Amino acid sequence: MIKRILLHSLRALNRQKGYVFINVIGLSIGIACSLIIFLFVAHELSYDKFNEKKDRIYQVVLDGKIGSQVLTVSSTCSPIGPTMLKECPEVEAISRVDFNGETIIKNYEQSFIEKDFILADSSFFDIFSINLISGDKRNALNAPHKLVLSKSTADKIFGNENPIGKTLKIGTDSIPYSVTGVMEDFPKTSHFDANVIGSFVTSHRANDNQWTSNSFNTYVLLKPNANTNLNQVNDKIIDITKKYVGPEIQKYMGISLEDFLSKGNKYRYYLQPLTDIHLNPSVQQSGKAPNDPKYLLIFASIAFLIILIASINFMNLSTAQSSKRAKEVGIKKVSGSSRGMLIWQFISESIILTFLSLIIAILVIKLALPFFNNLLEVQLDFSLFQSCLCSQCFF
């Protein structure tokens, strides 16, 4: 019966080539546009979700106001991380990150420019889910002048050679760095990039104890279930600020922290969830610039309207065509076709047209994605089930 219904549907569609062409093209364009927008929205929502410990990772944010100058930034002072690790039992690990930007790397006579060079504490790989292809994550960054390269950077500099143990000159530093590890390339959905990671203890400011000098990002890994008491952790950070920042304000400004705050100023640190970073433009980031989530809502609404209009257009064309097929329906009824069979024939025609439109839409997306990626400087892949419908994108 199903075979016969499909056969009748294909014959009926074959007799209406113009109607089929217009309907399929209209629906295909609507589906293609909606899916591209959906892929972009899913891509934006998936930032930092690749981290296995994402629910326990936080970034320390400085929220300050001095006079008329207001700043909310991801830059923090060097001692706040180690102090939190020492005085907050909820903290499991911390890692400070220094974003150095473009850096010249020399391998003998060859020079390379890497735009994403950072310094990080040895606990970096315990916090973030960036796997080492070679090397020991516990010792990769635990001493000065150690270096971890991304796979693509290692291939670019050393080719097929094993980079472990080789030395490189970094920037203007006269002491060569020893390559101690090779890591996977950073996912495009990370809120910062790093092709080369040097040990944070190499920096001459690594042991800087000045609390009012904010130059580094600090990431905190809380112990399991400690994030349920996030307010308590933030309260402890306030106490730490009073304890250590207060004396420096007294020293440099000649007033107590209480007097400083009573004049309408503000100086506090708080924890920002890792998965909140990319879609929170209120915080100025040292890595990638965050996006405004309201635009995602606008894009999603546009995608819904496009598919809604395409569906209405599809139904209107089908309804307009029904008057021309009244004679066909009458003949089939006289020939013994039941009402149910006629309903199923029209449903099967719609399913065939929709399926054909979906196939064409997928082909359009495959062709259009490279141009779309180049326009928005993103890396979208049309892998519907892996990249968009997976729980990692939304939860």
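The values are calculated or read from the model by the stated rules, or taken from the named source; none is laboratory data. For clarity, every value in this text was computed on a predicted model and none was experimentally measured. Don't worry about glycine lacking a Cβ; one is built from the backbone with ideal geometry, like all the others, and counts go over all protein chains shown.
Anything in the range 245-278 that is of a type outside the set (A, V, I, L, M) and within 21 Å of ASN209 (Cβ to Cβ)? List them, or say none.
Selection gives GLY246, PRO247, GLU248, GLN250, LYS251, TYR252, GLY254, SER256, PHE260, TYR267, ARG268, TYR269.
For the range 253-286, enumerate the residues that are without any contact (Cβ under 8 Å) to a residue 60 or more places away in the chain and within 22 Å of ILE66 (Cα to Cα).
MET253, GLY254, ILE255, SER256, LEU257, GLU258, ASP259, PHE260, LEU261, SER262, LYS263, PRO281 - these are the residues of the range 253-286 that are without any contact (Cβ under 8 Å) to a residue 60 or more places away in the chain and within 22 Å of ILE66 (Cα to Cα).
Quick one: in the range 98-120, which of the residues that are crowded, with 19+ Cβ neighbours inside 10 Å and in contact with a Leu (Cβ under 7 Å, 6 or more places away or on another chain) is nearest to LYS151 (Cα to Cα)?
Result: ILE105.
Quick one: SER129 ticks every box in (1) closer than 30 Å to VAL283 by Cα; (2) among the polar types (S, T, N, Q); (3) over 20 Å from the mean Cα position of the chain (by Cα) bar one, so which box is it?
Single failed check for SER129: (3).
Given the criterion modelled with pLDDT of 95 or more, of a type in the set (S, T, N, Q) and either touching a strand residue (DSSP E or B) at 6+ places or on another chain (Cβ under 6 Å) or surrounded by fewer than 17 Cβ atoms within 10 Å (Cβ to Cβ) (or both), identify the matching residue among THR212, THR172, THR180.
THR180
Determine whether ALA140 is of a type in the set (A, V, I, L, M, F, W, C) and either within 14 Å of SER199 (Cβ to Cβ) or outside the structural domain of PHE99 (by TED's automatic domain parsing) (or both).
Judged against the criteria, ALA140 is a match.
Would you pick out the residues in the range 77-130 that are under 19 Å from LYS188 (Cα atoms) and among the aromatic types (Phe, Trp, Tyr)?
If the condition is that a residue be under 19 Å from LYS188 (Cα atoms) and among the aromatic types (Phe, Trp, Tyr), then PHE99, PHE117, PHE124, PHE125, PHE128 are the ones that fit.
Would it be correct to say that PHE158 is aromatic (Phe, Trp, Tyr) and more than 28 Å from ASP48 (Cα to Cα)?
Against the criterion (aromatic (Phe, Trp, Tyr) and more than 28 Å from ASP48 (Cα to Cα)), PHE158 qualifies.
Can you confirm whether SER78 is under 24 Å from PRO290 (Cα atoms), of a type in the set (Ser, Thr, Tyr) and within 22 Å of the chain's Cα centre (by Cα)?
no
Within the range 246-342, considering only helices (runs of 4 or more DSSP H) that don't extend past its boundaries, which have at least 2 residues that are modelled with pLDDT of 75 or more and surrounded by 14 or more Cβ atoms within 10 Å (Cβ to Cβ)?
257-262, 293-322
Provide a single number: the residues in the range 118-136 that are of a type outside the set (Gly, Ala, Ser) and touching a Gly at 6+ places or on another chain (Cβ under 7 Å).
2
Which members of the range 163-200 meet the condition of being outside any loop (DSSP other than H, G, I, E, B) and more than 19 Å from ILE130 (Cβ to Cβ)?
Passing the criteria: THR167, LEU168, LYS169, ILE170, SER178.
Scan the range 213-232 and give yes if some residue there is touching a residue at least 40 places away in the same chain (Cβ under 8 Å), farther than 30 Å from SER150 by Cα, assigned to a loop (DSSP other than H, G, I, E, B) and out of contact with any Gly (no Cβ under 8 Å at 6 or more places or on another chain), otherwise no.
Checked the range 213-232: at least one residue is touching a residue at least 40 places away in the same chain (Cβ under 8 Å), farther than 30 Å from SER150 by Cα, assigned to a loop (DSSP other than H, G, I, E, B) and out of contact with any Gly (no Cβ under 8 Å at 6 or more places or on another chain).
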